[in-house]
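Accompanying notes for the structure given below.
The values are calculated or read from the model by the stated rules, or taken from the named source; none is laboratory data. Small disclaimer: the values here were computed from a predicted structure and weren't measured. Here Cβ is always computed from backbone atoms with ideal geometry, including for glycine, and neighbour counts include all displayed protein chains.
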Amino acid sequence: AQSVTQPDIHITVSEGASLELRCNYSYGATPYLFWYVQSPGQGLQLLLKYFSGDTLVQGIKGFEAEFKRSQSSFNLRKPSVHWSDAAEYFCAVGPNAGKSTFGDGTTLTVKP
Amino acid sequence: KAGVTQTPRYLIKTRGQQVTLSCSPISGHRSVSWYQQTPGQGLQFLFEYFSETQRNKGNFPGRFSGRQFSNSRSEMNVSTLELGDSALYLCASSTGDHTGELFFGEGSRLTVL
């Protein structure tokens, strides 16, 4: 069975600092991996996705993620965080986008 | 183009009642997926419909059901509501191919009293 672990429930960073959100997955075959962001009262928005090819993928809003098969990880990074990045972030894995298994999410707080 | 529209946005029901939630996908999208989001269980996959057929199903009891119409609009129904069904129900649409991005609606927040 597929699963996703986001070890950090809550992360606080200062505005302008770098950010790394961790994601570990368990999946028997080559996974499709996604990062989504959810602002309060909103649905989820796709930040980036990995299906194959280059293991470093670029997304929207200046985010990037690196797929590391040997570590079963797909960590999300951003070099400089903005106050508007405060939200909840979800990592997901699936055989296809229609059926994805989500992690429990990481809530990001940005300090001024 | 218009995004994913879910109605109603908020609703309150009592135990034992049933509820129907509606989702209108992005024009041209043939796949609609439903997720339940709760603080305790997180995001859980309910089911996916593609071209009016249920293509994938999660591990929810039979009280949870859905359907998709020829115009790709989808409804989900929960019968005999329980307190634990209180949640944000999210609908997501996609083209339906295996690499398709999910576009989420803002959700329907159900409170069961």
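Set side by side, the residues B:G40, B:G28, B:G62, B:G66 differ, and just one is out of contact with any helix residue (DSSP H, G or I) (no Cβ under 8 Å at 6 or more places or on another chain), touching a residue at least 24 places away in the same chain (Cβ under 8 Å) and assigned to a loop (DSSP other than H, G, I, E, B), which is B:G28.
The single condition among (1) farther than 21 Å from B:D97 by Cα; (2) buried (at least 17 other Cβ atoms within 10 Å of the Cβ); (3) charged (D, E, K, R) that B:E48 does not meet is (1).
Of all the listed residues (B:R15, B:R30, B:R73, B:R55), the sole one being in contact with an Asp or Glu (Cβ under 7 Å, 6 or more places away or on another chain), basic (K, R) and surrounded by 13 or more Cβ atoms within 10 Å (Cβ to Cβ) is B:R55. In summary, A:F63 fulfils each of the numbered conditions (1) touching a residue at least 60 places away in the same chain (Cβ under 8 Å); (2) away from chain B (no Cβ under 14 Å); (3) among the aromatic types (F, W, Y) with the single exception of condition (1).
Among the residues of the stretch A:78-96, some residue qualifies, meaning at least one is farther than 22 Å from B:S33 by Cβ and either out of contact with any strand residue (DSSP E or B) (no Cβ under 9 Å at 6 or more places or on another chain) or assigned to a strand (DSSP E or B) (or both).
Counting the residues of the stretch A:51-66 that are surrounded by fewer than 17 Cβ atoms within 10 Å (Cβ to Cβ) and in a loop (DSSP other than H, G, I, E, B) gives 5. Within the bounds of the stretch A:87-110, is there any residue that is surrounded by fewer than 17 Cβ atoms within 10 Å (Cβ to Cβ), over 13 Å from the mean Cα position of the chain (by Cα) and more than 9 Å from chain B (Cβ to nearest Cβ)? Scanning the stretch A:87-110, I find at least one residue that is surrounded by fewer than 17 Cβ atoms within 10 Å (Cβ to Cβ), over 13 Å from the mean Cα position of the chain (by Cα) and more than 9 Å from chain B (Cβ to nearest Cβ), so the answer is yes.
Being at pLDDT 95 or above and out of contact with any Leu (no Cβ under 7 Å at 6 or more places or on another chain) is a property that does not hold for B:S31. Scanning the stretch A:21-50 for residues that are touching a Pro at 6+ places or on another chain (Cβ under 9 Å) and not charged (D, E, K, R), we see that the one that is surrounded by the fewest Cβ atoms within 10 Å (Cβ to Cβ) is A:A29.
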